Amino acid sequence: LQMLPAVMHGTALSEGLMIRGSRSDAHQLLLDGAVIYNHSHLFGLVDSFSSEAIRTSRFYYDVAPARYQAPPGGTHDIITRSGSLYDYRLHAAISSSALTAGAEGPLVKGRASWLFSGRTSLLNYMDWAGTGRLVSWGLDIDRENSLTEDQETFLDRIVTPGPFKARFHDLHGKLFWEDTRNNRWSVSGYSGFNHTRQEADRLVLSGRPSNRFFETGSFDTSNRWGNNSLALNMYHSPGPDLLLKTSVSGSLYHTRFLKEDFVFQRPGAVAQNHLMQVHPFDHESILTHGQAAVDLLWTTESSWLHTLRFGSALNRYDSDYNENSLNRSRFEYSSRPYMAEVYGESRLSLNGPHHIRTTGDMKLAELEAGLRVSHYSEGGYNRASPRLHLSLLPDNRFSVGAGYSRTWQYLFQLSFYNLVTSDIWIMAGEGQPPASADQWSAGLYYRPGRGVLIQVETWLKKQKNLRFHEINIQSVQPPQTDAPWFSDNDGRAHGLEALFYYRTGAFAFTQSYTRSKTELRNERLNEGAWFPAYWDRRHQSASMLTVELFDGLKWHMNWLYATGSPDRLSLFLAGEERLGDYHRLDLSLQYIKTFRPASALSGSANHVLELQLGIYNLTNRKNPWYRDWLLTLDQRDHRNRLTPVRADVYDLGFHPSFTIRYYRAP
């Protein structure tokens, strides 16, 4: 997905996807209908789902169908595989980070099956890929920065990493059966867990007279999260053209983050007086989400009306958030809302006259229209979400499309500019209305031949009531008097996207380019003027090349380029400053060998061995991630003192990985 022009480039240590100017918390990920609130392990480097358990997925970044709640940042709908109805199968894999195993098979041949897949980390047992360095990077213990290159001025380390722990697991399970009346049932469950922890020694003021004025203190940084979901889906056909789906799902998410030596900042009159204080930062978030939904699909044989769909959903949320910091002592926030929704959608087409048809029906236009209406209990918010998408000549080599949608966001993840481990989920409520996004889009699509696609799209998005934590705007002094986040932010974004795709035989190439701009505004900041969002990158390009060198061996190359993101330390100053450009080259080799047993003709499965070697950031380029004030030990004039200095913090450098996988395939 990161190769698509609608997806903004992020760093290695990041979580979620940023779609068309929206933050990653506006992107919703569904697993069999249940919402998943954390998408990755190890600070974004490892997917939080086992690939062996996934059957298919759908990704909506423009106008999503009304059957999806669809927050402003798009929807990714993932479906778990059902186990084989006829054969027992095994799969196993070992990688540089985890051990995976699973099995599947029939309960009743031809009618019922089961599947189980699990993965557990090996990070505490092998350090082949530099696990300690990754943990230090992710927990912000000792990230490489531009100051580490100047050893003559800064003669000592402020922070020295110590022992670490890193572990994660994820489990998938699914039961599927079809009864004698052709009703299909499925029960699927998921459990994900992640815990990273590291100790560090930091120089701190001693608090007693001495020549050095400093002593070494031991500090702990820890992050853990758990995400569990359960989904029950039943499909029933009450008529030849009708399909009724009934579903019940639930998600439970819990996260806890503690950094005993978090550096809080306050601006001074000059840089040397920039106030920096080390103080514990501790927060905990618990979120429970339950949903019951009914969906009825009617497929018609009409020449103009293809499908008609209606449905309703009832959501119940239970959210708690606690924060202890230098700014907040025992801040607590709770929310218990419910949300009722109804929706309808249809797909209509206009066919050409009989005398100009060549083969079959020539579609002149196709319209997808939908409306979703919701009632949110806390604050009594009633909101409507209209969605329209029109395609002209959709089956022609050259087609045109345009769309409009208004979407709403009721659940927000508070993120921090320098932390990728803090997943805080808060709800809309009284006095803090849901966020809205109006998006207009248009596109030109050209398919000159098989395996070739050229498309150009443009879009405009306007947003209201976005959230971000006060720590991201540390120039605010004193802190906010109520909640530690801003909820009255406006956003605007626009972009131009281009995509070229070509595939033939053993060769595939994708090239994308995006020109975009994303800005924010708050009446309490920057005198109410617009300022660039900290995730804004004006230009970005992605190239992906896949070549099959010979039977079973594939070579993949990804090259990413993006102009620099804004300098957060000068957001509100005259003249816009940006960090350096970001570019990265990733390579991987994949070899698949299929062993055909002698009994293959009798219908037994084949044995497949897959080997994969990947290299992230092959050139080990030091890509700027963000700019910050860093404490340094200044020993000039025979005095020891901690002095704040502006520095660029770098993204992850050279990082290798490998996977060895075995499975049985039909």
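Would you pick out the residues in region 15-39 that are over 30 Å from V294 (Cβ atoms), open to solvent by 10 Å² or more (accessible area, probe 1.4 Å) and of a type in the set (G, A, S)?
Residue satisfying the conditions is S24 alone.
Which numbered condition in (1) touching a Pro at 6+ places or on another chain (Cβ under 8 Å); (2) farther than 30 Å from L350 by Cα; (3) in contact (Cβ under 8 Å) with a residue 60 or more places away in the chain is the only one that S405 fails?
Every listed condition holds for S405 apart from (2).
State whether one or more residues within region 116-126 are open to solvent by 30 Å² or more (accessible area, probe 1.4 Å), of a type in the set (S, T, N, Q) and under 20 Å from N227 (Cα atoms).
Yes, the conditions are met somewhere in region 116-126.
Among the numbered conditions (1) under 26 Å from Y68 (Cβ atoms); (2) loosely packed, with under 15 Cβ neighbours inside 10 Å; (3) of a type in the set (S, T, N, Q), tell me where S303 comes up short.
It fails just one condition, (1).
Of all residues in region 482-530, count the ones that are among the aromatic types (F, W, Y) and crowded, with 17+ Cβ neighbours inside 10 Å.
Residues meeting the conditions: 4.
In region 322-351, which residues are aliphatic (A, V, I, L, M) and touching a residue at least 60 places away in the same chain (Cβ under 8 Å)?
L326, M339 - these are the residues of region 322-351 that are aliphatic (A, V, I, L, M) and touching a residue at least 60 places away in the same chain (Cβ under 8 Å).
Specify the residue that is modelled with the highest pLDDT; the eligible residues are those in region 184-212 that are assigned to a strand (DSSP E or B), small (G, A, S) and closer than 26 Å to P163 by Cβ.
Result: G192.
Select from region 503-524 the residues that are assigned to a strand (DSSP E or B) and of a type in the set (D, E, K, R) and write down the one among them that is nearest to N489 (Cα to Cα).
R521
Consider region 272-309. How many of its residues are without any contact (Cβ under 8 Å) to a residue 12 or more places away in the chain and assigned to a strand (DSSP E or B)?
Final tally of qualifying residues: 1.
State which residue pairs qualify: first residue of a type in the set (S, T, N, Q) and inside region 431-451, second residue part of a loop (DSSP other than H, G, I, E, B) and open to solvent by 20 Å² or more (accessible area, probe 1.4 Å) in any location, beta carbons under 8 Å apart, and separation of 6 or more residues or different chains.
Q432/G379; Q439/D62; Q439/V63; S441/D62; S441/V63
Does L314 count as more than 22 Å from T407 (Cα to Cα), aliphatic (A, V, I, L, M) and open to solvent by 50 Å² or more (accessible area, probe 1.4 Å)?
No.
Take R641 and tell me if it is open to solvent by 30 Å² or more (accessible area, probe 1.4 Å), out of contact with any strand residue (DSSP E or B) (no Cβ under 7 Å at 6 or more places or on another chain) and modelled with pLDDT under 85.
Judged against the criteria, R641 is not a match.
Restricting attention to region 167-205, report how many residues are surrounded by 22 or more Cβ atoms within 10 Å (Cβ to Cβ) and among the polar types (S, T, N, Q).
4
Quick one: what pairs do we get from region 549-561, first residue under 21 Å from F595 (Cα atoms), second in a strand (DSSP E or B) and open to solvent by less than 60 Å² (accessible area, probe 1.4 Å), C-beta under 9 Å, 6+ apart or different chains?
Note: pairs meeting the criteria are G552/Q590; G552/T594; L553/Q590; K554/T546; K554/V547; K554/S588; K554/Q590.
Any residue that is more than 28 Å from G138 (Cα to Cα) and not aromatic (F, W, Y) - is there at least one of those in region 464-472?
Among the residues of region 464-472, at least one is more than 28 Å from G138 (Cα to Cα) and not aromatic (F, W, Y), which makes the answer yes.
When you check P394 against the structure, is it in contact with a strand residue (DSSP E or B) (Cβ under 8 Å, 6 or more places away or on another chain), surrounded by 15 or more Cβ atoms within 10 Å (Cβ to Cβ) and outside any strand (DSSP E or B), yes or no?
Yes; evaluated as a whole, the condition is true for this residue.
Out of all the residues in region 214-265, which are β-branched (V, I, T) and out of contact with any Gly (no Cβ under 9 Å at 6 or more places or on another chain)?
Listed by number, the residues that qualify are T216, T221, T246, V263.
Check S349, S319 and return the single one that is modelled with pLDDT under 90, part of a strand (DSSP E or B) and small (G, A, S).
S349
Which residues, counting only those in region 84-100, are in a strand (DSSP E or B) and either in contact with a helix residue (DSSP H, G or I) (Cβ under 9 Å, 6 or more places away or on another chain) or under 10 Å from Y663 (Cβ atoms) (or both)?
Matches in region 84-100: R89, L90, H91, A92, A93, T100.
Cβ-Cβ under 8 Å, sequence separation 6+ or interchain: first residue in region 369-381 and open to solvent by 40 Å² or more (accessible area, probe 1.4 Å) and at pLDDT 95 or above, partner part of a loop (DSSP other than H, G, I, E, B) and among the small types (G, A, S). Which pairs?
What qualifies is L371/A66.
Going through region 401-445 one residue at a time, which ones are open to solvent by 10 Å² or more (accessible area, probe 1.4 Å) and of a type in the set (V, I, T)?
Of everything in region 401-445, those that are open to solvent by 10 Å² or more (accessible area, probe 1.4 Å) and of a type in the set (V, I, T) turn out to be T407, V420.
Check R387 against each of (1) closer than 20 Å to T75 by Cα; (2) at pLDDT below 95; (3) basic (K, R) and name the one condition it does not meet.
Here R387 clears every test but (2).
From T458, T421, which residue is part of a strand (DSSP E or B), within 29 Å of H254 (Cβ to Cβ), of a type outside the set (D, E, K, R) and touching a Leu at 6+ places or on another chain (Cβ under 8 Å)?
T421
I'd like to check something: does region 285-297 contain any residue that is of a type in the set (D, E, K, R) and open to solvent by 60 Å² or more (accessible area, probe 1.4 Å)?
no
Restricting to region 546-595, count the residues that are in a loop (DSSP other than H, G, I, E, B) and open to solvent by 40 Å² or more (accessible area, probe 1.4 Å).
8
Taking the options A112, A98, name whichever one is surrounded by 15 or more Cβ atoms within 10 Å (Cβ to Cβ), under 30 Å from the mean Cα position of the chain (by Cα) and modelled with pLDDT of 85 or more.
Answer to the selection: A98.
Are any residues in region 73-127 among the basic types (K, R) and closer than 30 Å to I615 by Cβ, and if so, which ones?
R81, R119
For L460, state whether it is open to solvent by less than 30 Å² (accessible area, probe 1.4 Å) and within 29 Å of H39 (Cα to Cα).
No; evaluated as a whole, the condition is false for this residue.
The values are calculated or read from the model by the stated rules, or taken from the named source; none is laboratory data. None of the values given here were measured: they were computed from a predicted structure. Counting neighbours? That spans all protein chains shown, and the Cβs are built from the backbone with ideal geometry, glycine included. Surface areas here come from the heavy atoms of the whole protein model, side chains and all, with no ligands, DNA or RNA. Shrake-Rupley method; radii C 1.70, N 1.55, O 1.52, S 1.80 Å.
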